[in-house]
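The values are calculated or read from the model by the stated rules, or taken from the named source; none is laboratory data. None of the values given here were measured: they were computed from a predicted structure. No Cβ is skipped: glycine too gets one built from the backbone with ideal geometry, and neighbour counts run over all protein chains shown.
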Amino acid sequence: MKINKIDHISIAVKDLEAARKIWEPVLGKEKPDDAYVDEPEKIRVARYWLGNVGFELMESTTPDGEVAKFIEKRGEGIMLISLNVDDTREAIDELEPKSYPFIGGARSFRDCEFGFIHPDKMNGVLLELIDDKWEAKDKC
């Protein structure tokens, strides 16, 4: 499996608008480069492009969402690191036999797929593999 780059880093926050006011001056941004709601994942996201890496602030849209559970257990902070791969399903097929436990298999997002490796295997870090094919020049 080839890792192309760090795709994005996601910060779990209780209040997305309040977090934006804290982070945007530091990031040198007036607004997110990409703001969206992912209903299946129960999250509202403000994504900023820093070079060719995404930096995300994520707020749960429901009290039972994974972001809400993370914050309840660990507090606000870095929730996941995402690595860009050529093909998520191939990466899963390569790593599962090597005892890397995936949470729920491959999932769809826009025009790509992603999968999560359980944090128990990755020193407490939720690791995402994603096969997004974006071009940095189009997203910065």
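A few notes on this one:
Let's see how each residue does on (1) small (Gly, Ala, Ser); (2) within 20 Å of Lys73 (Cβ to Cβ):
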| position | (1), (2) |
| --- | --- |
| Ala19 | yes, yes |
| Pro25 | no, no |
| Lys31 | no, no |
| Lys42 | no, yes |
| Tyr48 | no, no |
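- When Val37 is tested against (1) surrounded by 18 or more Cβ atoms within 10 Å (Cβ to Cβ); (2) without any contact (Cβ under 8 Å) to a residue 40 or more places away in the chain, only condition (1) is not met.
- Lone unmet requirement of (1) modelled with pLDDT under 95; (2) on the phi > 0 side of the Ramachandran plot for Glu41: (2)
- For segment 38-90, the set of residues classified as under 21 Å from Cys112 (Cβ atoms) and of a type in the set (D, E, K, R) consists of Asp38, Glu39, Glu41, Lys42, Arg44, Arg47, Glu56, Glu66, Asp86, Asp87, Arg89, Glu90, listed by residue number.
- Given (1) within 15 Å of Arg20 (Cβ to Cβ); (2) touching a helix residue (DSSP H, G or I) at 6+ places or on another chain (Cβ under 6 Å), number of the condition Met79 does not satisfy: (1)
- Filter result for Asn52 (surrounded by fewer than 17 Cβ atoms within 10 Å (Cβ to Cβ) and under 16 Å from Asp7 (Cβ atoms)): yes
- Qualifying residue in segment 8-26 (condition: among the β-branched types (Val, Ile, Thr) and in a loop (DSSP other than H, G, I, E, B)): no
- Tabulated pairs, segment 1-28, first within 12 Å of Ser60 (Cα to Cα), second among the basic types (Lys, Arg) and surrounded by 12 or more Cβ atoms within 10 Å (Cβ to Cβ), C-beta under 7 angstrom, 6+ apart or interchain: Leu16/Arg44
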